[in-house]
Amino acid sequence: MNAYQMKTVFFSSKRYDETYFNTSNEHYAHDIRFVEARLTKDTVSLIDGESAVCAFVNDVLDREVLSLLSESKIKLIALRCAGFNNVDINAANELGIKVVRVPAYSPNAVAEHTVCLMLALNRKIYRAYNRVRDGNFSLDGLLGFDFSGKTLGIVGTGKIGAIVARILCAMGMKVLAYDLMPNQECVDYGVSYVGIEQLFRESNVISLHCPLSPVTQHLIDQTALDKMQNGVMLINTSRGALLDASAVIKGLKSKKIGYLGLDVYEQESELFFEDLSCEIIQDDVFERLLTFPNVLITSHQGFFTEDALKKIADTTLHSIQQFSKGADLSDDVLVVLP
Ligand code: NAD
């Protein structure tokens, strides 16, 4: 190993992680090792002399795990994702562990998946596909609506939300947005910034693109749903805990919510990314969601494009190299306290 190569263990790794990271690592030559286990306090013991950990969205990086990582001489956590809500940044700072992430591997990938959920739900493509294969060519129950002329509300117009806004403006939607920091690029597309209550009241389709934080946790609860239009389409490709799933189930039963598209789920760490097709799912809330004909759930695949996986691998390995050189890490890569 030369001085700039770093011994790194990858938790929650899948075959596709190995493929993309091994290819990118031909350039960096870090000493990397993949384990399938999710990082929790019980799996920290899988660390074997590494000084960096590469983690993903459902790895646990709370104070307890970070203390154990510190005892194992881990100096760097490289998140191979954008969100960092699963990391106790205060604790990492106190323990002297640096945290890096991949701030923008492909906002297009997530934005395009978001629009895909909207269109598939509206035109019931998931039902039509099965029907036609079954020789049922009836259109009953497949009625959709034109997006053009309807109102979209976007909560969070950062990298992903701004692309969703651009695509749907081009499709003729009136786009309202709520963000703590309005984005001039969106205003240029014709987006109008409004208060969150007005957005809830006036939108036919609402899409969430803000990060999960104590402020945004259960942003969509009973009170928020009460303000929305009957039959609203709700899309969440951001983080599961932005929605209160129990309130959402009530909203689906009362028909307040007409369509629900999810790529994330609050308790997804027990389910997503695994093949559980022969198991009995124990999560009754999730199972109830699956019973509605107007709910479409994907298992956190918004990021999952070839372009994004390549960028994730390149950015992560570059950050590890910069850290090992003692070079400055750019502000958008380094995760610091707000
Ligand atoms: P970003 O940081 O570029 O944008 C987030 C925006 O949310 C910012 O403009 C910020 O000002 C705004 N915001 C922050 N707090 C807010 C609040 N309380 N109310 C309204 N707006 C608020 O992030 P991004 O790259 O666009 O990603 C958005 C989210 O998408 C991430 O936080 C992550 O959770 C999620 N994500 C999901 C996938 C997936 O595969 N499904 C992949 C990547 C990211």
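Of all residues in the range 194-219, those that are aromatic (Phe, Trp, Tyr) have Cβ atoms under 6 Å from Cβ atoms of residues that are not in a strand (DSSP E or B), 6 or more apart or on another chain, in Phe200/Ala224; Phe200/Lys227; Phe200/Met228. On the stretch given as the range 14-38, residues that are assigned to a helix (DSSP H, G or I) and among the hydrophobic types (A, V, I, L, M, F, W, C) total 1.
Considering the range 114-125, the residues that are within 13 Å of the ligand (Cβ to nearest atom) and crowded, with 21+ Cβ neighbours inside 10 Å include one that is nearest to Thr316 (Cα to Cα), namely Thr114.
I need the full set of residues from the range 39-69 which are acidic (Asp, Glu), farther than 15 Å from Met6 by Cβ and in a loop (DSSP other than H, G, I, E, B), in order please. Passing the criteria: Asp42, Asp59, Asp62. Out of curiosity, is Asp328 modelled with pLDDT under 95, of a type in the set (D, E, K, R) and farther than 19 Å from Tyr16 by Cα? Criteria met by Asp328. Here Val187, Val164, Val191 are screened, and the one residue that is touching a Ser or Thr at 6+ places or on another chain (Cβ under 9 Å) and farther than 19 Å from Ala109 by Cβ is Val191.
Restricted to the range 135-248, the set of helices (runs of 4 or more DSSP H) holding at least 3 residues that are among the aliphatic types (A, V, I, L, M), in contact with a helix residue (DSSP H, G or I) (Cβ under 7 Å, 6 or more places away or on another chain) and within 15 Å of the ligand (Cβ to nearest atom) comprises 159-170. Residues in the range 298-334 that are surrounded by fewer than 19 Cβ atoms within 10 Å (Cβ to Cβ) and of a type in the set (Val, Ile, Thr): Thr298, Thr305. Picking from residues in the range 1-36 that are hydroxyl-bearing (Ser, Thr, Tyr) and over 22 Å from the mean Cα position of the chain (by Cα), the one that is surrounded by the fewest Cβ atoms within 10 Å (Cβ to Cβ) is Thr23. Residue under question is Leu262, and the condition is that it be hydrophobic (A, V, I, L, M, F, W, C) and within 17 Å of Tyr126 (Cβ to Cβ); does it hold? Yes.
Restricting the range 69-84 to residues that are touching a residue at least 12 places away in the same chain (Cβ under 8 Å) and surrounded by fewer than 18 Cβ atoms within 10 Å (Cβ to Cβ), the residue that is farthest from the ligand (Cβ to nearest atom) is Lys73. Residue-level check: of (1) surrounded by 19 or more Cβ atoms within 10 Å (Cβ to Cβ); (2) within 16 Å of the ligand (Cβ to nearest atom), Leu39 misses just (2).
When you look at Asn93, is it touching a residue at least 12 places away in the same chain (Cβ under 8 Å), under 22 Å from the mean Cα position of the chain (by Cα), more than 13 Å from the ligand (Cβ to nearest atom) and not in a loop (DSSP other than H, G, I, E, B), yes or no? Against the criterion (touching a residue at least 12 places away in the same chain (Cβ under 8 Å), under 22 Å from the mean Cα position of the chain (by Cα), more than 13 Å from the ligand (Cβ to nearest atom) and not in a loop (DSSP other than H, G, I, E, B)), Asn93 does not qualify. Only one of the listed residues (Ala111, Ala82) is part of a helix (DSSP H, G or I), aliphatic (A, V, I, L, M) and on the phi < 0 side of the Ramachandran plot. That residue is Ala111.
If you go through the range 249-276 and keep only what is more than 11 Å from the ligand (Cβ to nearest atom), within 23 Å of Ala55 (Cα to Cα) and not in a loop (DSSP other than H, G, I, E, B), you end up with Ser269, Glu270. The set of residues in the range 250-275 being surrounded by fewer than 19 Cβ atoms within 10 Å (Cβ to Cβ) and either free of Cβ contacts under 8 Å to residues at least 24 places away in the same chain or β-branched (Val, Ile, Thr) (or both) consists of Lys253, Ser254, Glu270, Glu274, Asp275.
The values are calculated or read from the model by the stated rules, or taken from the named source; none is laboratory data. Owing to the predicted nature of the structure, the values given are computational and were not obtained by experimental measurement. Glycine also receives a Cβ, built like all others from the backbone with ideal geometry; neighbour counts cover every protein chain displayed.
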